[in-house]
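Participant: Would you mind keeping the following structure in view while I ask a few things?
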Amino acid sequence: MSRFFSHTYHIDTRDLDCFDTCRPSAVLGYLQDVAGLASEDFGGANPQMIAKYHHCWMIARTQFTLTRPLRLHDALELKTWHRGGDSAVMYRDTDLLVDGHLVGQALAAWVLADLDTRTLARMSTFSEFQGTDGGELNRATRLRPLRLPHDLPEVERRTLHYSDLDANGHVNNTRYADLLCDALALQAAPAGTFVTELRLNYLKECRAGETLTLKAGWRDGEGLVSGEDAGGESRFTGLLRLSESFS
């Protein structure tokens, strides 16, 4: 028996970019929100896991694809479910629908970490995830590490501030999409194109006051970005693809 959660969001002016389409970071924001609502439905949301187990959710990798841009006033239905399992990683699938038509899919890899030690726990440790997965809806796709070229040029050094942070005190996962788009100068994208795919690998938490060196470039139609700290360690990597809009 499958179990899924569905919620509808309305794209408004706060979500739009300079092309009147929904920014990638706003798409990630909706996906993050619906993941929390869905987990709350069976007792596995972040506040519940912190209170009961002293563990918090952290996102390790995420990806979404779109077949058409999301626009102002679109009623975006997100249908989501987790895959269960007993490993340290919990995959969550999401279908994106507008007017009942599938316009995209998303996949995220989440982990539960001890608040103090950041040690990861196996999903089988928690009863909340037993029997609450998507069943026959579960897909086999996995998110692999992004292997980027070593010769990407430096395009910017970005100091992180208050506005980048979330309730946990580190940079919110949605903000990395903005860093990626800025590094690729997406405002100069060809007219009539939109972000059809975005992938992010979160490698290490970032906090206010830190400075990231952003290295970026386009290779074979893919926009590639790496954010490195002062010691040269990569904190995140990302990939972006553009498609032409026919709507």
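The values are calculated or read from the model by the stated rules, or taken from the named source; none is laboratory data. Because the structure is a prediction, the values reported are computed rather than measured. Here the Cβ positions follow ideal geometry from the backbone for every residue, glycine too, while neighbour counts run over all protein chains shown. Calculation scope for accessible area: heavy atoms of the full protein, side chains included, ligands and nucleic acids excluded. Shrake-Rupley method; radii C 1.70, N 1.55, O 1.52, S 1.80 Å.
Participant: Work out Dmax and Rg for the chain from the C-alpha atoms and quote the Rg first, both in angstrom.
Facilitator: My reading of the Cα-based Rg and Dmax gives 17.9, 50 Å.
Participant: For SER127 and ASP114, calculate 0.36 nm times their separation in residues minus their Cα-Cα distance, and state this gained length in nm to one decimal.
Facilitator: That works out to 3.0 nm of additional length.
Participant: Can you work out the FRET efficiency for the pair GLU233 and ALA191, with r the C-beta to C-beta distance and R0 = 45 Å, to the nearest 0.05?
Facilitator: Plugging the Cβ-Cβ distance into 1/(1 + (r/R0)^6) gives 0.75.
Participant: Keeping all protein chains in the complex and leaving out DNA, RNA and ligands, what accessible area do you get for LEU148 with a 1.4 Å probe, in Å² to the nearest 10?
Facilitator: About 30 Å², ignoring ligands and nucleic acids.
Participant: Between the range 28-97 and the range 105-178, how many Å separate their Cα centres?
Facilitator: Cα centres, the range 28-97 to the range 105-178: 10 Å.
Participant: Continuing with this model, one more query. With a 1.4 Å probe and every protein chain kept in, tell me what percent of the accessible surface of the chain is carbon plus sulfur.
Facilitator: Answer for the chain is 50 percent, counting heavy atoms of protein chains only.
Participant: Let me ask something else. For the range 128-225, what D do you get in µm² per second when you plug the Kirkwood radius from alpha-carbon pairs into Stokes-Einstein at 10 °C and 1.306 mPa s?
Facilitator: In µm²/s, the coefficient rounds to 99.
Participant: With all protein chains present and a 1.4 Å probe, how do ILE50, ILE11 order by accessible area, largest first?
Facilitator: Sorted descending by solvent-accessible area, the residues read ILE50, ILE11.
Participant: To the nearest 500 deg cm²/dmol, what mean residue ellipticity at 222 nm is calculated for the chain from DSSP H runs of n ≥ 4 alone, each contributing -39,500 (n - 2.57), summed and divided by the residues?
Facilitator: -4500 deg cm²/dmol
Participant: What net charge is computed for the residues neighbouring ALA26, neighbours being all others with C-beta under 13 Å from the C-beta of ALA26, Lys and Arg scored +1, Asp and Glu -1?
Facilitator: Net local charge, ALA26 excluded: -3.
Participant: Rounded to the nearest 20 Debye, what is the dipole magnitude of the chain about its Cα centre when Lys and Arg each give +1 and Asp and Glu each give -1 at the C-beta?
Facilitator: Here the chain has a charge dipole of around 520 debye.
Participant: Over the chain, give the accessible area per residue in Å² for a 1.4 Å probe, as an integer.
Facilitator: In whole numbers, the chain has 48 Å² accessible per residue.
Participant: Please go through the range 174-247 and write out the trypsin sites (Lys or Arg not before Pro) that DSSP classes as loop and that have at most 16 other C-beta atoms within 10 Å.
Facilitator: In loop regions of the range 174-247 (DSSP not H, G, I, E or B), the sparsely surrounded trypsin sites (Lys or Arg not before Pro) are LYS204, ARG207.
Participant: What FRET efficiency would be calculated for the residue pair GLN105, ILE50, taking the C-beta separation as r and a Förster radius of 30 Å, to the nearest 0.05?
Facilitator: 0.55
Participant: Let me ask you something else. I want to make sure I understand the PRE zone here: with the label point 7 angstrom from the Cα of GLU154 toward its beta carbon, which residues in the range 192-218 have backbone N atoms less than 13 Å away?
Facilitator: What the label zone holds, given the 13 Å backbone N cut-off, is 211-216.
Participant: Still on this model: Within the range 173-247, report the chymotrypsin sites (Phe, Trp or Tyr not before Pro) that DSSP leaves as loop and that have at most 11 other Cβ atoms within 10 Å.
Facilitator: Here the chymotrypsin sites (Phe, Trp or Tyr not before Pro) that fit, given the DSSP loop and packing criteria, are PHE246.
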